[in-house]
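Encoded as structure tokens, the structure appears first; notes follow it.
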Amino acid sequence: GASITSGSALDITGNTIGGLNGPAKYTDSQVTVAAALNPAGVSVSLVAPEQLAPCQTLTISTSSAGGSGRPLVYNWTTTTASLATYIESLSGESIAVPSNNLTVGTHNFSVRVTNWAGATGTAHVLVERVQNSVPTIIASSPTYRSIKRGSQVNIRVRLENTNCNASGTTTGSWEQAFSGSSISISALAFASSLTSSIVSIPSSTSQLLSLPANTLQMGLTYGFNFKGRLYSEGVLLGSTNATFVVSVDLEDVSAIITGPSTIGVVYGTSGSTYTFDGSLSSDPANTTKPLHYQWTLVNLASPSSTVVTSVGSGVSTLALSTTSITANQTYKLSLNVTGQTINGIQRTAGTSMLITTVSTGIPVVVMQTSITTPHNPQDALSLVSNLQNYGNDQVSFAWTCVSSNFDLTNTSNLLSPSTSPSLVIKPNALGIATQYTFKVTATHTSEGSGSASITFRTNSPPSLGTCSCSPSSGTALTTAYTLRCMDWTDVDGDTPLTYLFSYDAGSGSFVPMTTFQGLEYHTTVLPAPSSSSSSTTSSSSSSSPVLTLRAKIADARGAVVFFTFTTNVTSTSVDVDSTTTQTSSLIDQGDLSTASVLLGATVSALDTSQTSARPLSSSLSSSSSSSSS
């Protein structure tokens, strides 16, 4: 059916709308379609260089969401009067403006994106046209990110020589940016919040800034500058700067008592000691600083009277003697944990569990496994139980699924018998976004049975999005393709999402073109399809070979989903000498991702093309020898 936007007129012709007994007797009429009360929203962002040098072309690309798979309408504007008419005539998702059309100074470009329902989103970007040649810094990482302290930081850039005759050499280096430092336009909003806490930057001249996990402090915002310089015969022609901002989330302290919420404690007149463990409690702000623990035990029959209190720094266990409690009662054991004080805020967390005392010798089962976050179903799951008053050989074990949504009789789903103390479930045996409750029962032949249970939920991968490639056709090793994913979300809120792009190299093997990255798009050249790949020939009139591409989308907990899409790539002749030189240059610059794609594309192209230079094997051998030296 057709799509009708708000404000459109819909003509209804009489006697054409069907009724139960034939055409209904409606007269001709016209209705106007009203706008939706809650139209689908549109979000849009712009990607453009902050500086533009002579002989460069300004390219501004959009990244939009909210189209629900339908085309979006783009309306471009600029505050530069001499370009206004030209810019307003453009309607694509990206625009290109040669630098000689821009005067020296700062220019403002804006886009308004409208979806099929009439909802709009806007974005703008500032670009500075500079007088002298400067190198171009191409970032494959977002300029702002919010991370957990336990996450590694990887920021990758690529430095290009944009001098008009491609002469000169480029160098680049990393340095930390503080309040008052010179920073790029995109980071100005964070200028006053950048921390003065100093970070050691390893390999400052590399084009990859890599900081190990737990390097940055929680609750602080860090700035990092990458400065690129262009020299000609030792003389500095120009320089440019790109600023990247990293904020470290303020995470909560967690308090955990090992075991389920209700267990049995055997009462003995001679006294027995049972240990309760809070060592799984943690403070992600400082994994090496001891936590402060406070244990409290009260009888629910008399909650105002405290039975046991234990307070200590670094003491994560409580030894409870049965001489201090009474049989056939229910007690509440509470644990409060205090972590590191940040920004003057004392950070604490608490948890509790119920303890039921019995005067018989029934088996007391403790579930040692603790699952505090959604479990990834593609990983194996081990549920471990332990007996506090018998040996495992003195009882029999039986696992059951209380939630009745997992078949324990199907042994192909298990890595251990359902009659053992521990239950190990195979990867991919559990469903996604599902809640499970498992119970283990230990039975003694003369004393009876005791049990423990655990409830957890499984994670779900990202969903609802699509991926595509633009342009829809081009030439191997020459055309710059942009692979883009849109509208992906995670129902569990496990963000940020990351993306890995790959292409089909044949025989079902996909070659990665990137590592997992926060950007939803990747621009690269592509190889011609391999003769052994799953790609087919396009049905279009051009009969261009079709290359299969794949995106791997992951949430913050590692749950992944794959999305396969295609584009047309026509093979071409290959100058192996030139391509090998370019690949070696990329390796020297530290850009292994682009280098590997170019090398793979070259090898793939040789399957179908005539080379214009010496054989590839000798070219690669020579390149390897020179690299080794």
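What follows draws every value from the coordinates through simple rules; no lab data is involved. What you see is a predicted model, and the numbers here were worked out from it, not measured in a lab. Every residue, glycine as well, gets a Cβ built from its backbone with ideal geometry; the counts of neighbours run over all protein chains shown.
Going from the residue with the fewest nearby Cβ atoms within 10 Å to the one with the most, Val130, Val424, Val395 rank Val424, Val130, Val395.
Placing one equal scatterer on every Cα of region 369-459 and applying the Debye formula, the log10 ratio I(q)/I(0) at q = 0.14, 0.16 Å⁻¹ is -0.49, -0.63. Remark: His522, His124 ranked as His124, His522, counting other beta-carbon atoms within 10 Å and listing the fewest first.
One chain, two ends: Asn75 and Ser254. Fully extended at 0.36 nm per residue, the span grows by 59.6 nm beyond their Cα-Cα distance. Overall, the ratio between the Cα radius of gyration of region 252-359 and 2.2 N^0.38 Å, rounded to two decimals, is 1.14. Projecting label points 7 angstrom from Cα along Cα→Cβ for Ser573 and Ser463 puts them 5.3 nm apart.
Cβ-Cβ distance of Ile198 and Val104, R₀ of 30 Å, FRET efficiency by 1/(1 + (r/R0)^6): the value works out to about 0.25.
Here the Debye sum runs over all C-alpha atoms of region 43-129 as equal scatterers in vacuum, and log10 of I(q)/I(0) at q = 0.12, 0.22, 0.26 Å⁻¹ comes out as -0.35, -1.02, -1.33. Note on Leu415 and Ser279: the model spin-label points, each 7 Å out from Cα along the C-beta direction, lie 2.3 nm apart.
Tell me, how many Å apart are the Cα centres for region 133-180 and for region 96-121? After rounding, the separation between the Cα centres reads 24 Å. The label-point distance for Asn343 and Ser324, in a model that sets each label 7 Å from Cα toward Cβ, rounds to 3.9 nm. Maximal additional length on extending the Ser182-Ile371 stretch stands at 63.4 nm, based on 0.36 nm per residue less the C-alpha distance.
Rounded to the nearest 0.05, the FRET efficiency derived from the C-beta distance between Val511 and Asn154 at R0 = 22 Å is 0.60.
Using 0.36 nm per residue and subtracting the Cα-Cα separation, the extra length available between Thr171 and Leu354 on full extension is 59.5 nm.
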